[in-house]
Amino acid sequence: MVLCFFGLSLAYSVKPRRQRAGAKQEDNRIYLVHADQLQYDMYGPHPDAQIAKGKVSFRHKGGTLTCDSAYFFEQSNSFEAFGHVRLRQGDTLTLTSDYAWYDGNDEMAEARRNVVLTHRKSKLYCDSLNYDRMYGIAYFFEGGKLVDKGSTLTSDWGQYNTETRQSVFYYNVKLRNKQFTMSSDTLYYDTKTALSHVVGPSIIKSNNGIVHTNDGYYNSTTERSELYGRSTVHNGSKTITADSLYTNSKTNVNEGFGNVVYVDSINKNIFLGNHIYYEENTGYGYATDSAVVMDYSQKDTLYMHADSIKIFSYNIETDSVYRDIHAFNKVRIYRRDIQAVCDSLVYTSLDSCMTLYRDPIVWNMGRQVLGEVMHAYMKDSVVHYADVIGQALSVEQMDSLHYNQVSAKEMRVYFEEGKPRQTWSVGNVIAIYYPVDDADTTLIGLNYLETDTMKMYLTSERKLDRIWTCSAEGTMYPITQIPPNRLRLPNFAWFDYIRPVDKDDIFIWRGKGKDAMLKEEKRREPPKKKID
């Protein structure tokens, strides 16, 4: 039997409904508002259902649902909707699909096929979605896509909270927009702030480079990233890795904390530190807290440590770009063939000059050179020549007792393939030199020399080839007749205990002591002529 109804209003009992803690009891019934045709078929597949057809409309707790046809189960307070299903909740949320099941007791909607959830300016597309109206949470599975503020999120499974406007996506997650593409295993997304949070192995690709992280936050509005869990940023030839990384795509500023490693593969150098800051647009950066610069452009790597290291770039957008590196407070340098210490250092790539300030000392093999200031001019990352200005002293150890020594106001050393080949000394030159027997390399005697200018020429084996001086006074002493006061120059000093012994020793500062510090000599200036 088929009965037609034009209106129906029945009182009935329903199963207990779940409620939020503290929620007030309210009308939980589903109301059939309209249908072009309403019928009942006790012999059909759903004998307990009212069959509604044509512009069907339901109302439940402030929400309305329309469809082409529906089975209305009044006793269980639920219905099954077919064709052009549309659920509206206020003026901010709309859910459309080809099919839906709705349970009024649990306030749960199950939408299937061509599902679209629109909430404010966000749209969620999927094929299967369950929407919990009580808690405002939509669950999708079998693939979904969220479109929000120019960003598109896709994943195999996820959920969206209409109250907090936060969503979470799992498995094969991808986030795309004009700035970048993000792939992850798990992603949390806040549509209010456009803030993304990835968890697990994740990759972010953009025009500025590639990011690898296991725990990262990205704001699509500000284009600022916060990366944790030992993350890495690749930008062309440059790579930065740290325990915590902060990047800004708009300003191109990168800042890292905790065991930071910055690699420049083109210039073949590495910056290390527990705090590194770098601006891509200006080329300014600094490293501090265990800061180290490693240069691996040569056969052996050079290690330099200082309290702080800064880099300044000039003409960065032109072919005339050059950079200055400032290292200050307790600088220590180690390479297998050369070591150095000083208080501060400046290197400029414009003329490839490295300047060491305040009691610099440089060691090469068994030779030690010190002075007030040193200038080292590089060629292809190798020292071409070096100037020692003010109280220059060169000491070469022959054995535990005897040292070759040269002191002067200024000194210049020329290098070939990293080996000293010429030494020019100018101003109050005093030299002590021990000739060596070529047969058995024993010391023959001691040459003591005083002059104003001296040039020493060395072989590639670091042996003395010849000496040139202007007018000079000197004495040759046999090795057994050397006066004790001729063994050392008045300003002789041997700072082997300060010398860095390996790449790890650069972190241990050993100063000269106040008594051994050089007192800078003031330069004399000619008297100024008075003109009436």
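Surface composition of the chain: carbon plus sulfur atoms hold 51% of the accessible area, using a 1.4 angstrom probe and ignoring ligands, DNA and RNA.
What the Cβ-Cβ distance of ASN214 and ASP351 gives, at R0 = 51 Å and to the nearest 0.05, is a FRET efficiency of 0.70.
Do any GluC sites (Glu not before Pro) in region 395-429 lie in a DSSP loop with no more than 13 other beta carbon atoms within 10 Å, and if so, which? Please list the in-between numbers first.
Values: sites: GLU396, GLU410, GLU416, GLU417; in loops: GLU417.
Sites meeting the loop and neighbour criteria: GLU417.
Net charge within 11 Å of PHE73 by Cβ-Cβ distance, Lys/Arg positive one each and Asp/Glu negative one each, not counting PHE73 itself? Spell out each step's value before the answer.
Details: positive: none; negative: ASP48, GLU74, GLU80, ASP103.
Residues close to PHE73 contribute a combined charge of -4.
Given the alternatives [x] 57; [y] 33; [z] 42, percent of Cα pairs over 37 Å apart as computed for this entry is given by [x].
Lys and Arg at +1, Asp and Glu at -1: add these up for the other residues within a Cβ distance under 14 Å of ASP307 and post the number.
My count for the surroundings of ASP307 gives +2.
Which shape class, rounded, prolate or oblate, goes with region 384-430 when its Cα gyration tensor gives a ≥ b ≥ c as root eigenvalues, a/c under 1.5 marks rounded, and past that a/b bigger than b/c marks prolate?
On the way: a/c = 2.56, a/b = 1.10, b/c = 2.33.
Oblate, because a/c is 1.5 or more while a/b does not exceed b/c.
Among the GluC sites (Glu not before Pro) in region 67-171, those placed in a DSSP loop whose Cβ has at most 16 other Cβ atoms within 10 Å are GLU163.
Just subtract the alpha-carbon distance of MET398 and ASP127 from 0.36 nm times their residue separation and send over the number in nm, one decimal. Mind dumping the intermediate values first?
On the way: separation 271, 0.36 × 271 = 97.56 nm, distance 8.55 nm.
Gain in length upon complete extension: 89.0 nm.
The residues of the chain present an accessible area of 53 Å² per residue when probed at 1.4 Å with all protein chains retained. Under 15 Å from a point 7 Å along the Cα-to-Cβ line of ASP106: which residues of region 120-140 have their amide N that close? Once the point is set 7 Å along Cα→Cβ of ASP106, 129-140 turn out to lie under 15 Å by backbone N, inside region 120-140. Distance between the modelled labels on VAL382 and THR193, one decimal in nanometres: 5.6 nm (7 Å Cα→Cβ projection). I need the trypsin sites (Lys or Arg not before Pro) found in region 423-498, filtered to DSSP loop residues with at most 12 other beta carbons within 10 Å of theirs. When the trypsin sites (Lys or Arg not before Pro) of region 423-498 are filtered for loop state and at most 12 Cβ neighbours within 10 Å, LYS463 remain.
Starting from 0.36 nm per residue, how many nanometres of slack lie between VAL426 and ASP319 once their C-alpha separation is accounted for?
34.6 nm
Relative contact order for the chain: 4 percent, from Cα pairs under 8 Å spaced at least 6 residues apart, divided by residue count.
Suppose we take every Cα in region 295-421 and form the convex hull; what volume per residue is that in Å³? Working shown, then result.
Numbers: hull volume 14.6 nm³, N = 127.
Normalising the Cα hull of region 295-421 by residue number yields 115 Å³.
All other residues whose Cβ lies under 15 angstrom from that of LEU458 are scored, Lys and Arg at +1 and Asp and Glu at -1, for a net of +2. Based on C-alpha pairs under 8 angstrom that are at least 6 apart in sequence, region 259-357 has a relative contact order of 18 percent. The distance between label points at ARG88 and MET134 comes to 2.7 nm (points 7 Å beyond Cα on the Cα→Cβ vector). Summarising the label geometry, the points placed 7 Å from Cα in the beta-carbon direction at ILE479 and ASN114 lie 10.4 nm from one another.
For region 231-248, the residues whose amide N sits under 18 Å from a probe point set 7 Å from the Cα of THR181 along the beta carbon direction are 234-236.
If you look at the Cα atoms of region 389-486, you get an Rg and a Dmax of 13.3, 38 Å.
The values are calculated or read from the model by the stated rules, or taken from the named source; none is laboratory data. Everything numeric in this text was worked out from a predicted model, so none of it was measured. Reconstructed Cβ throughout: ideal geometry from the backbone, glycine too, with neighbour counts over all protein chains shown. For the accessible areas, the whole protein counts, side chains as well, though only heavy atoms, and no ligand, DNA or RNA atoms are used. Shrake-Rupley method; radii C 1.70, N 1.55, O 1.52, S 1.80 Å.
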